Every structure is written in structure tokens, then in C-alpha cells.
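**Student:** Next up is a structure, given as C-alpha cells.
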Amino acid sequence: MAVPTLRIIAFVNGIFLITLAISMLVPMLTLVLFDRATELNGFLWSSLITFVAGLAMIIQGRPQDVQLRPRDMYMLTVSSWLLVCLFAALPFMLSQRMDLTDAIFESMSGITATGATVLSGLDSMSPGILMWRSLLHWLGGIGFIAMAVAILPMLRIGGMRLFQTESSDRSEKVMPRSHMVAKYMIVAYLGLSMAGCLAFWLAGMNLFDAINHTMSAIATGGYSTSDLSLAKWQQPAVHWVAVVVMILGSLPFVLYVSTLRGNFGALARDQQVRGFLGILLACWLLLGTWYCLTTELHWLEAVRHVAVNTTSIMTTTGFALGDYSLWGGFAGMLFFYLGFVGGCSGSTAGGLKIFRFQVAYILLKASLLQLVHPRAVIKQSYNGHRLDEDIVRSILTFSFFFTFTIATLALGLTLCGLDWITALSGAASTVSGVGPGMGPIIGPAGNFASLPDTAKWLLTAGMLLGRLEILTVMVLLMPAFWRH
């Protein structure tokens, strides 16, 4: 890789680190407001170290007339997430006195909006650390949206070319259009965040909890300020606000941009949005009916528990309203499947994404019709885009490697001494970005603190692979990538 290319990659990473260093002012301000100024040292040193590292990367300036090729974008994408995760772990080590393994795990879970945690005692924890965890979710959420809209379509990862927009095309006007789309996306993200915060506050949360849960919900992350997660708040309004914000975070942000530009029917017409909301509603009805028949709770309370937990799992957020792993085998299996499905492409949600299941259905239907009518010419399209061979191959390849990654990771976790339920659910929840797994150890009532360090490193790798759509990372492991 040429020196000018490495310089521009370092320059961009330096900007990310300086942004991260400035972001650490938010938890520092939180500590001052909570009269906990004695806890500032950890964040001060973390911010200083991160800022100096970022400054060292940009000190030589941005090389002129250097265009990044697709192969360079792979390196930039992976290196930026790794560097941000590494430096974002500093406050956990310097302020919370966590060891390297736990700090990296918590940082990766935060920045990838996974929501798996090794921390307990959240109700009495430093407000600075709580704010930092939620802020990592929020920053990681907007970072993933930008990557999904601008980078993955260009790299043709997992069929993402179906969502190629003016921000990721190769026309001569790409930069002005890209800047305009980015501006509208930031406006949408900020607007939804402020609206969510206001709604949580009006529903009964104090301002600190409202800010934290909004940043976590809109990024579909799952970090809470309480060990009980949403169960700490008894007000039904809080739970329904969480449902709405999680859904908003799981819809394509490009369509919010279209709405801001005056295309008010964009969300309603989108095939992916209709599929996502249809599946979510069907699961509400199915599981809600089953839970009402098998629990002694009032039906309104039962429906609320089902709505919160089902939405949390399908949007890969990870909030919990009670320990749903105790609901029985049917609910547990349905939640396990929903974690694979995930939200919409171009949102903050994880999982395989709805559009890949919809495309698989279209292909299956076409194959069955071809068997009945062998000479028929069947047109295959999705959201107005023709499903050509390249897109189909990308989707099938990604889906295979997604499943293969979970299976391999689960096998590795069993070698670390974990039982098969903990291993399989842990692998699936981290790669899909759900957060909590199933069972008494890593379920919604537990956390990942008791796992061996080797298992934590494997799960940390799983979070990165899942967030970067797997193939983005795997490309760097190919010897051919490093050959000229």
C-alpha cells in the first residue's frame, strides 16, 4: 500500500480520534454537574492521550490528489473502528480501574452498539462512566449509518448495492451530494435524539436517565443506567417511548433524509420498512396471544412486556423488561430467531437485515415458479431495483459467512468451557448486535463478567465482525489483499 494512501488513512483516523477526545468532555461535564469532580482525572488523561495520538496522525496534513480505492476503504473502515475502540477503552481503565480485557470488551460493545456488558452495580456507578457508555452507543450509531450508506454499497458488501444512493455513487457530483446527505442525516439523528429525550423525560425519567436511554435506544445499543434495565421504571409510558425510539432507530435513515427533503411518503412506500413493521407486528400478536394465555399478568401488562422485549430483540437493542429467558422454550426460540432478522439496512440496527430475507423469499418464489413453468421468464426486483446476479451472489455469500461466523464462534466458546446454550446465544447475540444472550449467565438478568478472558476476546471479535458486515474484515485476512 502506497505511502500517500497510508497517510490519508492515518489522517482520517486522526480526525476520528480527535473527535473522540473532544467527546470525552461530555462525561467530564456530567461529573462536574453531579459534583463528582474528584473523578475527573481518568477522563482528563484519556482525553489528553487520545487527542495527542490523533494530532500525531494529522500533523503531516492531508495528502493532495490522492483517491482512495475500494481496497483502501477496507483498510480505513477496519482500522478506524479498531482505533476508536482501543482509545475509547481508556476511560474504563483509568477511571473505572477495569483490566484491558474488560475495558476493550465494554468499549467494543459500546461503539458497535451491541449492548453486552461486563459491568454490574450500574445504579450506584459513576455518572461519568454511565454517560460514556451511552455516548459510545450514540457515536457508534451515527458512524454505522454513515458506513452503511456511503461505504458498504461502494464495496458491494452483502448486496448493499441495492441501497446505493447519491452519497455512494461514482458520479462527478459525489462530494456535494455526499455532504448534503450527511448534513440531513445528522439533522435527522439529532432531531430524533432530542425528541426521544423529551419523550422519556415527560414519561417519568429524570433528565440524566432520559439522555442516556435515548442515546442507547436510537443507536439500538441497549446500555442502561440500571442493572434492571427498563424494569426499573414502572411507568408504562416509559416502556412505550422506548418501543417507539427503538423502532425509529431501526428504520433507514436515508428515508428520513428523503422525508426532510419533502418526500413525505418515502417511509410508507419502502418495501423494507413495510416488511420490518409487518414482521414486528406479527410477532407482537403471536407472542402476545401466547403470553396472555400462559401468564397471570393483566393482558395490558402482558402485551407491554411482549412489545418491549420483542422490539428490543428484533431491533438488536438489548433493553429488557423482566427476564424473558424465563418465559419458556417457545418465547426463547422466537427471540433467538428474531435476533438474526434484525432491522432495516441503513439504520443503526444489527442482524442479517430484513432486506436479505425479503430477497431470499423473492428468489425462492421465482425458483418454485420456474419449476412449474420451466420456459417462463420471471423478472426479479426489489424496491424497484433489478436483482442481478452480482447482488444475489453478494447476499448469499454474506448470509453464509454470517451463519458460519456464529457457528465457528460458538464452537470456540465451548472450547473455553461454556455450555452450549451460553456459547450459541452469546455468539449469535454479539455478531447480530443484540447484546444479552440466553440462560442464567449472559441472559437479560446476567452479564458477561464471569466469562473467561479468552471467551471475552472471542466475543469482542464477534462484535467487530458483525458490525462491519463480516466480509469487510475478512478481506484483510486474504494474502491477495496485501499483494501489489
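The values are calculated or read from the model by the stated rules, or taken from the named source; none is laboratory data. Remember, it's a predicted structure, so these values are computed and weren't measured experimentally. Methodologically, a virtual Cβ is constructed for each residue, glycine included, from the backbone with ideal geometry; neighbour enumeration extends over all protein chains shown.
**Student:** Is it fair to say ALA428 is in contact with a helix residue (DSSP H, G or I) (Cβ under 8 Å, 6 or more places away or on another chain), aliphatic (A, V, I, L, M) and either without any contact (Cβ under 8 Å) to a residue 24 or more places away in the chain or within 21 Å of LEU122 (Cβ to Cβ) (or both)? First the steps, then the outcome.
**Tutor:** On the way: in contact with a helix residue (DSSP H, G or I) (Cβ under 8 Å, 6 or more places away or on another chain): yes; aliphatic (A, V, I, L, M): yes; either without any contact (Cβ under 8 Å) to a residue 24 or more places away in the chain or within 21 Å of LEU122 (Cβ to Cβ) (or both): no.
In short, no.
**Student:** Now for a different question. Please work out if PHE87 is part of a helix (DSSP H, G or I), crowded, with 20+ Cβ neighbours inside 10 Å and either among the aromatic types (Phe, Trp, Tyr) or modelled with pLDDT under 95 (or both).
**Tutor:** Values: part of a helix (DSSP H, G or I): yes; crowded, with 20+ Cβ neighbours inside 10 Å: yes; either among the aromatic types (Phe, Trp, Tyr) or modelled with pLDDT under 95 (or both): yes.
It is true that PHE87 is part of a helix (DSSP H, G or I), crowded, with 20+ Cβ neighbours inside 10 Å and either among the aromatic types (Phe, Trp, Tyr) or modelled with pLDDT under 95 (or both).
**Student:** Going by the structure shown, is PRO252 more than 18 Å from the chain's Cα centre (by Cα) and over 18 Å from PRO27 (Cα atoms)?
**Tutor:** no
**Student:** Now for a different question. Hey, could you check region 239-270 for residues that are surrounded by fewer than 17 Cβ atoms within 10 Å (Cβ to Cβ) and in contact with a Gly (Cβ under 9 Å, 6 or more places away or on another chain) and say which is nearest to GLY318 (Cα to Cα)?
**Tutor:** Once the filter is applied, the top-ranked residue is VAL244.
**Student:** Name the single residue, out of those in region 101-148 being part of a loop (DSSP other than H, G, I, E, B) and not hydrophobic (A, V, I, L, M, F, W, C), that is surrounded by the most Cβ atoms within 10 Å (Cβ to Cβ). Before you say what the answer is, go through the steps one by one.
**Tutor:** First, the residues of region 101-148 that are part of a loop (DSSP other than H, G, I, E, B): 112-121, 125-126.
Within this subset, residues satisfying the condition of being not hydrophobic (A, V, I, L, M, F, W, C) are 112, 114-115, 117, 120-121, 126.
Numbers: THR112: 30, THR114: 35, GLY115: 31, THR117: 25, SER120: 11, GLY121: 7, SER126: 19.
Here the residue is THR114.
**Student:** Restricting to region 1-21, and then to whatever is small (Gly, Ala, Ser) and surrounded by 15 or more Cβ atoms within 10 Å (Cβ to Cβ), can you tell me which residue is modelled with the highest pLDDT?
**Tutor:** Filtering region 1-21 for residues that are small (Gly, Ala, Ser) and surrounded by 15 or more Cβ atoms within 10 Å (Cβ to Cβ), the one modelled with the highest pLDDT comes out as ALA21.
**Student:** Return yes or no: is VAL241 farther than 16 Å from SER347 by Cα, touching a residue at least 40 places away in the same chain (Cβ under 8 Å) and not charged (D, E, K, R)? Working first, answer last.
**Tutor:** Values: farther than 16 Å from SER347 by Cα: yes; touching a residue at least 40 places away in the same chain (Cβ under 8 Å): yes; not charged (D, E, K, R): yes.
Criteria met by VAL241.
Per-residue answers, yes or no, for (1) over 18 Å from the mean Cα position of the chain (by Cα); (2) farther than 19 Å from PHE105 by Cα; (3) aromatic (Phe, Trp, Tyr); (4) not in a loop (DSSP other than H, G, I, E, B):
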{"residue": "THR403", "(1), (2), (3), (4)": "no, yes, no, yes"}
{"residue": "ALA407", "(1), (2), (3), (4)": "yes, yes, no, yes"}
{"residue": "PRO440", "(1), (2), (3), (4)": "yes, yes, no, yes"}
{"residue": "ALA449", "(1), (2), (3), (4)": "yes, no, no, no"}
{"residue": "ALA461", "(1), (2), (3), (4)": "no, no, no, yes"}
{"residue": "VAL473", "(1), (2), (3), (4)": "no, no, no, yes"}
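**Student:** I've got another one for you. Mind checking which pairs have a first residue in region 441-459 that is of a type in the set (Asp, Glu) and a second that is surrounded by fewer than 23 Cβ atoms within 10 Å (Cβ to Cβ), Cβ under 8 Å, 6 or more apart or different chains?
**Tutor:** Taking only residues 6 or more apart or on different chains, the pairs are ASP453/THR101.
**Student:** For the structure I just gave you, tell me whether GLY412 is more than 29 Å from MET246 (Cβ to Cβ), outside any helix (DSSP H, G or I) and either touching a helix residue (DSSP H, G or I) at 6+ places or on another chain (Cβ under 9 Å) or modelled with pLDDT of 95 or more (or both).
**Tutor:** No, not satisfied.
**Student:** Suppose we keep only residues that are in contact with an Asp or Glu (Cβ under 8 Å, 6 or more places away or on another chain) and modelled with pLDDT of 95 or more within region 90-100. Which one would you say is surrounded by the most Cβ atoms within 10 Å (Cβ to Cβ)?
**Tutor:** In this case the residue turns out to be PHE92.
**Student:** Suppose we keep only residues that are in a loop (DSSP other than H, G, I, E, B), touching a residue at least 60 places away in the same chain (Cβ under 8 Å) and of a type outside the set (Gly, Ala, Ser) within region 303-329. Which one would you say is nearest to PRO444 (Cα to Cα)?
**Tutor:** Here the answer is ASP323.
**Student:** Within the bounds of region 390-404, is there any residue that is hydrophobic (A, V, I, L, M, F, W, C), closer than 28 Å to SER229 by Cβ, touching a Leu at 6+ places or on another chain (Cβ under 7 Å) and in contact (Cβ under 8 Å) with a residue 60 or more places away in the chain?
**Tutor:** Initially, region 390-404 is screened for residues hydrophobic (A, V, I, L, M, F, W, C), giving 391-392, 395-396, 398, 400-402, 404.
Now drop any that are not closer than 28 Å to SER229 by Cβ, which leaves 402.
If we keep only those that are touching a Leu at 6+ places or on another chain (Cβ under 7 Å) too, we end up with 402.
Filter once more, so that each one left must be in contact (Cβ under 8 Å) with a residue 60 or more places away in the chain: 402.
Taking every residue of region 390-404 in turn, at least one turns out to be hydrophobic (A, V, I, L, M, F, W, C), closer than 28 Å to SER229 by Cβ, touching a Leu at 6+ places or on another chain (Cβ under 7 Å) and in contact (Cβ under 8 Å) with a residue 60 or more places away in the chain.
**Student:** Does any residue in region 465-484 that is under 16 Å from ASP72 (Cβ atoms) come within less than 9 Å, Cβ to Cβ, of a residue that is surrounded by fewer than 13 Cβ atoms within 10 Å (Cβ to Cβ) and among the hydrophobic types (A, V, I, L, M, F, W, C) six or more places away or on a different chain, and which pairs are these?
**Tutor:** What qualifies is LEU476/TRP482.
**Student:** For region 258-281, how many residues meet the condition of being under 16 Å from ASN383 (Cβ atoms) and touching a residue at least 40 places away in the same chain (Cβ under 8 Å)?
**Tutor:** Of the residues in region 258-281, 6 are under 16 Å from ASN383 (Cβ atoms) and touching a residue at least 40 places away in the same chain (Cβ under 8 Å).
**Student:** Examine region 387-401 for a residue that is in a helix (DSSP H, G or I), more than 30 Å from ALA366 (Cβ to Cβ) and of a type outside the set (Phe, Trp, Tyr), and state whether such a residue exists.
**Tutor:** No, region 387-401 contains no residue that is in a helix (DSSP H, G or I), more than 30 Å from ALA366 (Cβ to Cβ) and of a type outside the set (Phe, Trp, Tyr).
**Student:** Working carefully through the options SER47, SER80, find the one that is of a type in the set (Gly, Ala, Ser), touching a residue at least 60 places away in the same chain (Cβ under 8 Å) and in a helix (DSSP H, G or I).
**Tutor:** It is SER80.
**Student:** Check ILE49 against each of (1) surrounded by fewer than 18 Cβ atoms within 10 Å (Cβ to Cβ); (2) among the hydrophobic types (A, V, I, L, M, F, W, C); (3) closer than 20 Å to ILE142 by Cα and name the one condition it does not meet.
**Tutor:** (3)
**Student:** Among the residues of region 438-475, write down those that are surrounded by fewer than 17 Cβ atoms within 10 Å (Cβ to Cβ) and touching a helix residue (DSSP H, G or I) at 6+ places or on another chain (Cβ under 6 Å).
**Tutor:** Scanning region 438-475 gives a single hit, ASP453.
**Student:** Only one of these is over 20 Å from ALA320 (Cα atoms) and in contact with a Leu (Cβ under 6 Å, 6 or more places away or on another chain): ALA427, ALA407, ALA455. Name it.
**Tutor:** Just a single option satisfies the conditions, and that option is ALA455.
**Student:** Let me ask something additional. Do we find a residue being modelled with pLDDT of 95 or more, more than 18 Å from GLY350 (Cα to Cα) and of a type in the set (A, V, I, L, M) anywhere in region 101-114?
**Tutor:** Taking every residue of region 101-114 in turn, at least one turns out to be modelled with pLDDT of 95 or more, more than 18 Å from GLY350 (Cα to Cα) and of a type in the set (A, V, I, L, M).
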